[in-house]
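Report on one structure; see the data block that follows.
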Amino acid sequence: MRCGREGYIMTLTLGVLLALTLLFMALLELPGSVRRRAVRVAREVQEVYDAESSLLLHLEGFPHSAIPGLPPVSESALGPYGRLCASPDSTLEVCVTTVSKLERLDYREWATGMEAYRSSLRETLLRNPALRGYSGNRRFSDAPVSAYLQVRDGDLRLALAGRVPSLNAVVSGDVVVEGETAYDTLRIYAAGNVTVKGRVRIAFLEIAAGERAEISGAVHFRGIVSARREVALRGSAVADYPSMAVALGQNGTEVNVATGVRFSGLRAALPGNILADDSVMPSFLDGRKVVFERRVAR
């Protein structure tokens, strides 16, 4: 089955390359400025296609060198997601964001992957040169001076207003995020519990909580929420695809999703069962990659 799919991908790629070559030949017959503009547009289309072809081959297990002239592919991690990028030249970059297709893994594989992810999140936040430290309980109603916070020996409460491009926190106690705030990125590593409530919107969310994490109210997000005992989603919360709620401990773990919640992604309480209608898992767990987002930047 896999050989057949790979053969199809290679045939499709070569076929479109041939079509674009014929298009270039036809454009050479156009006169003057129309031809120059058409050739430039066709060249831009070719560059995007070359990048996408390289990404497609990479996803199917082929090296970009399988077809001469295709750009190399770079890989990076974006929390629970993977990021693949190809750049035909210095002015263009085509990237896709991926998750892994859900596969049957044993508890040890899940535990190893999740612990590595949580440790990596903590270390990434603590190593940031913009990190600013605080002691004792802290409450912010205005955006803090730095987007990177460390709160020692206390809890953190965030009740910001408006749009916040990025906020990242490592906290020794509990964390509460509330209000009417639009976060582009919100990343929290907490030894205690984490609660997000109110009318908060988060384009990219990472939470690594201690015993418990709760999302409630009218919170809208995409990302991953993990805890060692329970992840709860209440109220009218919305988790866009592909979000992940993972409770991973030794026993008694729970992922509770209330009736009014819209959740699309992975709900895993481990050790135990994963819901039958879930289909994805974090990209850092090896599996076949599934693309859910594409971006072209110039």
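Residue under question is A147, and the condition is that it be surrounded by fewer than 12 Cβ atoms within 10 Å (Cβ to Cβ) and at pLDDT 95 or above; does it hold? Criteria not met by A147.
Among all positions in region 243-253, there is no residue which is open to solvent by 30 Å² or more (accessible area, probe 1.4 Å) and either modelled with pLDDT of 95 or more or among the aliphatic types (A, V, I, L, M) (or both).
Looking only at residues in region 153-174 that are more than 22 Å from the chain's Cα centre (by Cα), surrounded by fewer than 13 Cβ atoms within 10 Å (Cβ to Cβ) and not hydrophobic (A, V, I, L, M, F, W, C), which one is farthest from T124 (Cα to Cα)? Checking each candidate, the answer is G162.
Filter region 258-298 down to residues that are in contact (Cβ under 8 Å) with a residue 60 or more places away in the chain and more than 18 Å from the chain's Cα centre (by Cα), then give me how many there are. Within region 258-298, residues that are in contact (Cβ under 8 Å) with a residue 60 or more places away in the chain and more than 18 Å from the chain's Cα centre (by Cα) number 4. For region 56-73, residues that are of a type in the set (A, V, I, L, M, F, W, C) and within 14 Å of R288 (Cα to Cα) total 4. Here R298 meets each of (1) open to solvent by 30 Å² or more (accessible area, probe 1.4 Å); (2) within 27 Å of E103 (Cα to Cα) with one exception, condition (2). Residues in region 177-212 that are open to solvent by 30 Å² or more (accessible area, probe 1.4 Å) and among the aliphatic types (A, V, I, L, M): A182, A191, A203.
If you check V73, V94 for being open to solvent by less than 10 Å² (accessible area, probe 1.4 Å) and either modelled with pLDDT of 90 or more or over 16 Å from Y49 (Cα atoms) (or both), only one passes: V94. When the residues of region 97-114 are filtered to those that are exposed (fewer than 12 other Cβ atoms within 10 Å of the Cβ) and without any contact (Cβ under 8 Å) to a residue 40 or more places away in the chain, the one that is nearest to V291 (Cα to Cα) is R104.
Taken across region 214-237, residues that are touching a residue at least 60 places away in the same chain (Cβ under 8 Å), touching a strand residue (DSSP E or B) at 6+ places or on another chain (Cβ under 6 Å), open to solvent by less than 10 Å² (accessible area, probe 1.4 Å) and of a type in the set (S, T, Y) do occur, with at least one present.
Residues checked against (1) over 26 Å from G252 (Cα atoms); (2) part of a strand (DSSP E or B):
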site	(1), (2)
A182	yes, yes
T195	no, yes
I207	no, yes
V225	no, yes
S236	no, no
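Among the residues of region 175-206, those that are over 18 Å from the mean Cα position of the chain (by Cα) and among the acidic types (D, E) comprise E178, E180. For the residues P129, P80, P88, the requirement of being in contact (Cβ under 8 Å) with a residue 40 or more places away in the chain, open to solvent by 30 Å² or more (accessible area, probe 1.4 Å) and either in contact with a strand residue (DSSP E or B) (Cβ under 6 Å, 6 or more places away or on another chain) or farther than 23 Å from F284 by Cβ (or both) singles out P88.
The values are calculated or read from the model by the stated rules, or taken from the named source; none is laboratory data. Please read these numbers as outputs of a predicted model, since none were measured by experiment. Cβ: placed from backbone, ideal geometry, glycine included. Neighbour counts: every protein chain shown. To get the accessible areas, we keep the full protein, side chains included, count just its heavy atoms, and leave off ligands, DNA and RNA. Shrake-Rupley method; radii C 1.70, N 1.55, O 1.52, S 1.80 Å.
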